[in-house]
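What follows draws every value from the coordinates through simple rules; no lab data is involved. Note that the structure is a prediction, hence the values are computed from the model and not measured. Here the Cβ is made from the backbone with ideal geometry for all residues, glycine too, and neighbour counts use every protein chain on show.
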Amino acid sequence: MTVTNENPSGAGQDDAARFTSPFDIEAPAGAEGWESLYPYYALLSEDRRARDDGKFWFFDGMHNPEPLYPFDTIMTENWWVAVSQMSTRVWPVPPALGIDHRIINGYLYVSPNAVTDPEEIARRAEVFGVRAGHYYGNWDEIYDKWEVKAKDCIERLKAIDFAPLPDMEPESSVFEHTGTYSSYRLLTSYGDLIHNLFEMGSYHFEMLNLGYGAYLTFREFCQQAFPGITDQTVASMVSGIDILLFRPDDEVRKLAKLAVELDLAEVITSHEDPHAALAAIGAHASGEQWLAAFEQAKEPWFWFSTGAGYTHSDRAWIDDLRLPFTAMRGYIEALTRGEDIRRPLDAILAERTRVTGEYRSYLPSDEDREAFDGLVEIARKVFPFVENHNFYVEHWHHSLFWSKVRQLGEVFVAHNFFDDHEDIFFLHRNEVYSALYDLIIGWATGTEARGVTYWRPEIARRRAIRETLSTWSPPPALGVPPEEITEPLTVMLWGITPESVQEWLGVGADGEGSGVLRGVAASPGKVTGRARVITDPEQIHEVEQGDILICRITAPSWAPVFSKLGAAVSDVGGIMAHTAIVSREYGLPAVVGTGFATITIKTGQLVEVDGNQGTVRILEEAEK
Amino acid sequence: MTSPHVLWIDDPAAPGSRLLGGKFGSLAEMTEAGFAVPPGFGITTTAYRHFLEAAGLADRARQVREQAATADLATVSALSAGFTAEIEAAPLPADLEEAVRGAYAELERRTGIEALPVAVRSSGESEDLAGASFAGQYDTYLWVRGADEVLTYLRKCWAGMFGTAVLTYRPDGGASVVTADHGICVGVQQMVDARSAGVMFTLDPVTGDRSKVVIEGCWGLGEGVVKGDITPTRYVVDKVTFEVVTRALSRQEVQYRFDPSTKAVGMVPVHPDRCDAPCLEDEHIDQLAQLAKRIERHRGAPQDIEWAISEAGDVHVLQVRPETVWSQRRPEAPILEKKSAVDHVLMRFSGGKLATKAGS
């Protein structure tokens, strides 16, 4: 089996309809040598120019808005295989192979591979029917088992522990005749950590493509029967009301309520700093009961990333309590005003029932209604997995994973390799294995390890390069756009459609300065406000009441600041992207997949977001 | 005030009464259901038949219709011209004239406006026939003031039953619609001095999609939209979520309104501030769509509705008719082939489409 979508004619025939060649992208001044941060196989190379130049590459700002830290490529490399193997080898998806990756100036570009030979598609379709049919036919049971596997994987991750090597091997190793020592355990624990990530990374995509496919089919039916129906309306017919992504926020609401009941409201609202608040609660008469509830809520619900969860810089609530405490103060204030802060679950469910029933009643025939019923049913069946996997994988597992990597970073600090545990992220995971072996050699021989003098200057060099790369704006697409986009993930998650490609081509050519950006209408409503451009998750705390959030992509855990926002706009993402889901839940207008919002819009500009039409308009410049 | 010749649309006996014809019968029903219909009365089908009998024209009417059913266009035109002139010249029975004058005076009293401007329009018995809306074939006279004028236009409406267009209206290719002895009611209703007005359908008239309300509106009276000489602004609204799916705005420089200089309805300039502005506020779009949905629900089938919004911002229902095209036809099915949901999904993964249109 080979990739069959090479596009030899694309480059020469129609230069107007292609994006910049990936080979024509130059390193920004000061970032020369950036390639040394990444593995050889992730880079463009002259040897593969013929193929790579004719392909369509789009920027994956969805999961990786910033230049990749070398260690963080573990996530992108995971799905490079884990997503791809499902389509190419496991199901196989008849017209789609995997999604290829290249790192360009530190940013991840991806390219879906398609199968175009009709005979090959037919051959694959036969196998696919049996295998995918088995999953759809036993979905709930398989999903139940999936949850067991995911939780077990997380339990084993929790058990992994890194400690500096002891000055003297403990007695137990000797008197219990273990035969292997702390050095071996350190090395194997690291192996366990990496394999644990790849294990969860594989579960991540076990059911995801099939889930998206079922949903897309339902969506297509709705678009056919009810032309112009919005994506958010289609999603609202199948979206769950008790999905895990809302649970952390629900826990915060409960804690707010408990605080009011225990007369702790003022203690919490009067402290901006969460740790000061916790200390004050501890000193309060009824503080103990609240703290017990707080500890219970944290595990696992505060393993909730402040980003997409894919990068180590997306800190979880558990190690940055500012977000949940900001939200809690808001809820406490609402409660003291006498408002009901519970999510209106019955009303949401009743609305879902009404909307679904009404569309059904407008179908032309009983046969169509039968098809609609079947497709709603299958879409609703797959949706709990589609919506909940995020919590298990990106939030709970990955946040825990990053905390374990930091613990390993401390080992390097203890052995004088690094100044800070965060430095570990400047090493690729395979370099960490080497550095660990270097460390062990030093410990074993009593010689100073090479790493003690090697890594500090190397990390400083890499840090400077990465900082330079982060000032570069990656174009949304490179290479030759495809005629058709069939890969379901490409459409659903990245919001990439033939229309968005055309839009990007247009903007690239002459659209600058028109002041209007187009994207996917992800959540309805129209709002005007001041733009707040956020390119680093840390900046999220700068958001003020009524701001229009302009970002590359949001994360569900930003939810607490969503209550301050007027609207949300993202560069990337489709209707099932985090920004879209959370905006709908919060009733905020949202436009996603605009391609250029963070580049085009500046903080302080007055912008109008039309979540019905999918447009963002710059109305006036920032006030001085 | 009610006599067999006059029936008020808010009379308990009015809703569904054959005496009011299709259009006015529907409006009586809407009035009863609490929709904002301008007040008025119908000069009944009984009154029409009474007039023809009293004037000795009943037999002639039957003959004209029968001859027209098989004649060529030139012959029909001549027949029409001759007979309509006879109707307009024929005397009105005194009891009938008195009833009409009395009802108009009562309408003046009810509205508190002397020489109240009214709309006078035909409401045919045949309008409810499936597939035969007689759209645009029946007459409407606007801004009619005073009982004398009402009587004049009443006769014109009656005569209109024998206009060339009506006598040759054969949507099904046959002549059965024309030869049948259908009566006519003439409705008299307070004019709404519309700021903007138009029509709306409780389905998408182009695709037959029943999940939409399509609103076409313009500045001024809705005549321009109905006649088609003003390009309306078009809104497509989702009937379930009330989101505005499409807005096709149209610049408008002239409008139909009462022109004080000619004392009649005619084309007058649109105020420059309004030319490029949408003729409906978002709030009105929402109100109209909600109204359309309620009317459709009340009537149990797709409808086509004429509406007007006064300068004060009140929404009025001027006319309600069953939709006649898609009640006969099926929209394109959203699926090509009947199969299980899983098979649809599998096919979609294989690059297939649910239907020919989707995604193309």
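Here is the size of the protein assembly as shown from its Cα atoms: Rg then Dmax, 36.1, 129 Å. The simple spin-label model puts a point 7 Å past each Cα toward its Cβ; for A:THR453 and A:THR603 those points are separated by 4.3 nm. Taking 7 Å steps out from each Cα toward its Cβ at A:LYS564 and A:MET168 produces label points 5.5 nm apart. Sequence-distant or interchain residues sharing an amide H contact under 5 Å with A:GLY593, placed H: which? Amide H neighbours of A:GLY593: A:VAL520, A:SER570, A:ASP571, A:VAL572, A:GLY573. What separates the Cα centres of segment A:266-295 and segment B:43-71 is a distance of 91 Å.
Extension gain for B:ARG247-B:VAL206 works out to 13.2 nm (0.36 nm per residue, less the C-alpha to C-alpha distance).
Given the options B:ALA115, B:ALA14, B:ALA28, state which has the largest fluctuation in a GNM of chain B using a 10 Å cut-off (strictly under) for Cα springs. Comparing B:ALA115, B:ALA14, B:ALA28 in a Gaussian network model of chain B, the most mobile one is B:ALA115.
By the beta-carbon count within 10 Å of each Cβ, the least crowded to most crowded order of A:SER361, A:SER202, fewest first, is A:SER361, A:SER202.
Helical runs assigned H by DSSP (4 residues or longer) give chain A a calculated mean residue ellipticity at 222 nm of -15500 deg cm²/dmol, each run adding -39500 (n - 2.57) before division by the residue total. Counting only DSSP H runs of at least 4 residues, each contributing -39500 (n - 2.57), and dividing by the residue count of chain B, the helix-based mean residue ellipticity at 222 nm comes to -10500 deg cm²/dmol.
Note that segment A:428-441 has calculated 3J(HN,Hα) couplings of 5, 4, 6, 5, 5, 4, 5, 4, 5, 5, 4, 4, 5, 4 Hz, one per residue in order, obtained from phi through the Karplus relation 6.51 cos²θ - 1.76 cosθ + 1.60 (θ = phi - 60°); glycine and proline are x.
Among B:VAL325, B:VAL342, B:VAL186, which one moves the most in a GNM of chain B with springs linking Cα atoms closer than 10 Å? Most flexible of the set in this elastic network: B:VAL342. Using only side-chain charges placed at the Cβ, +1 for Lys and Arg and -1 for Asp and Glu, the dipole size of chain B relative to its Cα centre rounds to 1120 debye.
Once backbone amide H atoms are built at 1.01 Å from N, B:VAL254 has B:VAL270 as its partners under 5 Å, excluding neighbours fewer than 5 places away on the same chain. Find the centroid of the Cα atoms in segment B:262-316 and in segment A:583-603, then give the distance between the two in whole Å. The distance from the Cα centre of segment B:262-316 to that of segment A:583-603 comes to 34 Å. Taking the longest Cα principal axis of chain B as reference, the axis of helix B:45-54 is set at about 30 degrees. Each Lys or Arg adds one and each Asp or Glu subtracts one; over the other residues with Cβ under 11 Å from the Cβ of A:MET328, this totals +2.
May I ask for log10 I(q)/I(0) of segment B:6-190 at q = 0.08, 0.09, 0.11 Å⁻¹, from a Debye sum over the Cα atoms as equal point scatterers with solvent left out? Ignoring solvent entirely, the Cα scatterers give -0.24, -0.31, -0.46.
Between B:ALA99, B:ALA68, B:ALA89, the GNM of chain B built on Cα springs shorter than 10 angstrom shows B:ALA89 fluctuating the most.
Full extension of the segment from A:LEU349 to A:THR188, taken as 0.36 nm per residue of separation minus the current Cα-Cα distance, would add 53.1 nm.
Computed from backbone phi, the HN-Hα couplings of segment A:320-336 come to 9, 7, 4, 4, x, 6, 4, 4, 4, 4, x, 5, 5, 4, 4, 5, 6 Hz, rounded to whole numbers (Karplus: 6.51 cos²θ - 1.76 cosθ + 1.60, θ = phi - 60°; Gly and Pro given as x).
Between the listed residues B:PRO205, B:PRO232, B:PRO302, the Cα displaced farthest toward the positive end of the dipole of segment B:194-322, a dipole computed from Cβ unit charges relative to the Cα centre, is found at B:PRO302.
Amide H to amide H, with H built 1.01 Å from N, B:ASP139 comes under 5 Å of B:SER122, counting only residues 5 or more places away or on other chains. For segment B:194-322, the relative contact order is 27 percent, taking Cα pairs closer than 8 Å that sit 6 or more residues apart in sequence and dividing their mean separation by the residue count.
Per-residue Cβ neighbour counts within 10 Å put B:LYS293, A:LYS526 in the sequence A:LYS526, B:LYS293, beginning with the fewest. Other protein chain C-beta atoms within 10 Å of residue C-beta, averaged over A:130-139: 2. Taking Cα atoms only, the orientation of helix B:58-70 departs from the longest principal axis of chain B by about 40 degrees. Global size of segment B:227-275: 14.8, 46 Å for Rg and Dmax (C-alpha atoms, Rg to one decimal, Dmax whole). Pairs of Cα atoms nearer than 8 Å and 6+ residues apart set the relative contact order; for chain B it is 16 percent.
Cα axis of helix B:73-89 to longest principal axis of chain B: angle in degrees, 0 to 90, nearest 10? Helix B:73-89 and the main axis of chain B meet at about 50 degrees. Each listed q (0.09, 0.11 Å⁻¹) maps to a log10 I(q)/I(0) for chain B from the Debye sum over equal C-alpha point scatterers, namely -0.56, -0.80. Extension gain for the segment A:LYS151 to A:TYR40, taken as residue separation times 0.36 nm less the Cα-Cα distance, is 36.5 nm to one decimal.
The phi torsions of segment B:97-108, fed into the Karplus equation with coefficients 6.51, -1.76 and 1.60 and a -60° offset, translate into couplings of 4, 5, 4, 5, 4, x, 5, 4, 4, 4, 5, 4 Hz, rounded to whole numbers, with Gly and Pro shown as x.
Taking every residue in A:212-223 and counting other chain Cβ atoms within 10 Å of its Cβ, the average works out to 5. As a ratio to 2.2 N^0.38 Å, the alpha-carbon radius of gyration for segment B:194-322 is 1.02. Cα centroids of segment A:39-85 and segment A:86-113: 9 Å apart. Charge dipole of the protein assembly as shown (Cα centre as origin; +1 on each Lys and Arg Cβ, -1 on each Asp and Glu Cβ, all else neutral): 1740 debye, rounded to the nearest 20. By the beta-carbon count within 10 Å of each Cβ, the least crowded to most crowded order of B:CYS275, A:CYS153, A:CYS222, A:CYS551, fewest first, is B:CYS275, A:CYS153, A:CYS222, A:CYS551.
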